[in-house]
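The values are calculated or read from the model by the stated rules, or taken from the named source; none is laboratory data. Everything numeric here is computed off the predicted structure, so don't read it as measured data. Here Cβ is always computed from backbone atoms with ideal geometry, including for glycine, and neighbour counts include all displayed protein chains. With ligands, DNA and RNA removed, areas are computed over all heavy atoms of the protein, side chains included. Shrake-Rupley method; radii C 1.70, N 1.55, O 1.52, S 1.80 Å.
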Amino acid sequence: MAEPIRVVVTGAAGQIAYSLLYSIAKGDVFGKDQPIILILLDIPPMLPVLDGVVMELQDCALPLLREVIPTDKVEVGFKDIDAAILVGSMPRKEGMERKDLLKANVAIFKTQGQALDKYAKKTVKVLVVGNPANTNCLIASKSAPSIPKENFSCLTRLDHNRACSQVAMRCGVSSDSVKNVIIWGNHSSTQYPDVHHAKVNLNGAEVSAYDAVKNDAWLRGDFISTVQQRGAAVIKARKLSSAMSAAKAICDHMRDIWFGTKEGEFISMGVYAAGNSYGIPEDLIYSFPIQIKNKTWKVVDGLPVNDFSRAKMDATAAELVEERDTAMDFLSQ
């Protein structure tokens, strides 16, 4: 049996973590023969809730779960960890400006980045989920200069999964019959779900998404807005934000980092934009089409981009530049 790996989840008393922790502890993410030590980090008022989560994890009697450590201290939470899943962030409250939200989150992710820098393994893989995820990820990375920028990514897999599912439902096929959709840019309502390079398996034959769907107006209109606004639609219906689907996307993202993407397929994740071939400003965390091998990701280069896509890719980049500049002002204060 392998040595246990140490995995921290922040915001561990929250509802996304509640759906996520069981999947990690039973081996869905890091492998069915990989023992795990789970560290659950949250703010002091949530510690009593964390105790309940610990009890439940113990009561699951999961053979891979070697230890569960609840804590409100970053020096405990980030000590010698192999993977960090940063779910906790300041949620947007009613009447709150996006700028106020950014300011609060800069403080959180600066602290967590510094703690990663000081206590975590230099090989740690860091996934930022808490919104605004791209900019929070950038701040965490900048606050952890001794950890390679390539080790940081943010979650756009939920948007990717939403896009796959919408196309699959439209074509009357299962979601695993759709591959190579792309989420470009920010995990926000400016993101661009792109199916120009996507393939759909129809009765054993791979056809382009545009040929499979046979409705260009939908693919350029309602499909895009549905994926962009899906989070808000879930909140409106459920009175709570996406939890089950977010947890599933986190598992998909981390599993692909650990075990790689399938041959000939790419997925979407927010990564450091340096050296990209798509003309995206370099000092951003931006969602690209990604392939992963040996725990190392690379952007899929050279995909043709038409004028329709170019405009949307640039619009979401512009929003990220503005977010970054505001966040950097707060960071320097």
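A quick yes/no check of all residues on (1) open to solvent by less than 20 Å² (accessible area, probe 1.4 Å); (2) outside the structural domain of Thr123 (by the TED database); (3) among the hydroxyl-bearing types (Ser, Thr, Tyr); (4) modelled with pLDDT under 95:
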{"site": "Gly11", "(1), (2), (3), (4)": "yes, no, no, no"}
{"site": "Tyr18", "(1), (2), (3), (4)": "no, no, yes, no"}
{"site": "Gly27", "(1), (2), (3), (4)": "yes, no, no, no"}
{"site": "Leu41", "(1), (2), (3), (4)": "yes, no, no, no"}
{"site": "Asp51", "(1), (2), (3), (4)": "no, no, no, no"}
- Query: Among the listed residues Leu155, Leu202, which satisfies the condition of being in contact (Cβ under 8 Å) with a residue 40 or more places away in the chain and in contact with a helix residue (DSSP H, G or I) (Cβ under 9 Å, 6 or more places away or on another chain)?
  - Reply: Leu155
- Query: Any residue in segment 141-156 that is part of a helix (DSSP H, G or I) and either more than 18 Å from Ile285 (Cα to Cα) or open to solvent by less than 10 Å² (accessible area, probe 1.4 Å) (or both)?
  - Reply: yes
- Task: Would you check which residues across segment 81-123 are more than 22 Å from the chain's Cα centre (by Cα), at pLDDT 95 or above and not aromatic (Phe, Trp, Tyr) and list them?
- Result: Lys118
- Would you point out which residue out of Val126, Val173, Val76 is open to solvent by less than 10 Å² (accessible area, probe 1.4 Å), at pLDDT 95 or above and either more than 20 Å from Gln191 (Cβ to Cβ) or assigned by the TED database to the domain that holds Met254 (or both)? Val126
- Message: Can you tell me which condition His160 does not meet? The list is (1) more than 21 Å from Gly270 (Cβ to Cβ); (2) in contact (Cβ under 8 Å) with a residue 40 or more places away in the chain; (3) open to solvent by less than 30 Å² (accessible area, probe 1.4 Å); (4) not hydroxyl-bearing (Ser, Thr, Tyr), and all the others hold.
- Response: (1)
- Do you know which of the residues in segment 205-234 that are in contact (Cβ under 8 Å) with a residue 60 or more places away in the chain and among the charged types (D, E, K, R) is nearest to Cys137 (Cα to Cα)? Arg230
- Of the residues that make up segment 88-110, is at least one closer than 20 Å to Met46 by Cα, among the small types (Gly, Ala, Ser) and touching an Asp or Glu at 6+ places or on another chain (Cβ under 7 Å)? yes
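Condition check ((1) within 22 Å of the chain's Cα centre (by Cα); (2) open to solvent by 50 Å² or more (accessible area, probe 1.4 Å)) across all residues:
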{"position": "Gly279", "(1), (2)": "no, yes"}
{"position": "Pro289", "(1), (2)": "yes, no"}
{"position": "Lys293", "(1), (2)": "yes, yes"}
{"position": "Asp314", "(1), (2)": "yes, yes"}
{"position": "Ala327", "(1), (2)": "yes, no"}
- Residue that is farthest from Ala83 (Cα to Cα), among those in segment 248-280 that are in contact with an Asp or Glu (Cβ under 9 Å, 6 or more places away or on another chain) and assigned to a helix (DSSP H, G or I): Ala249
- What residue, of Ser309, Ser241, Ser245, is among the polar types (S, T, N, Q), more than 20 Å from the chain's Cα centre (by Cα) and outside any strand (DSSP E or B)? Ser309
- Query: Scanning segment 106-124 for residues that are without any contact (Cβ under 8 Å) to a residue 60 or more places away in the chain, in a helix (DSSP H, G or I) and not hydroxyl-bearing (Ser, Thr, Tyr), which turns out farthest from Phe330 (Cα to Cα)?
  - Reply: Lys118
- Query: Among the listed residues Met46, Met90, Met55, which satisfies the condition of being open to solvent by 30 Å² or more (accessible area, probe 1.4 Å), of a type in the set (A, V, I, L, M, F, W, C), out of contact with any Gly (no Cβ under 9 Å at 6 or more places or on another chain) and not assigned by the TED database to the domain that holds Ser242?
  - Reply: Met55
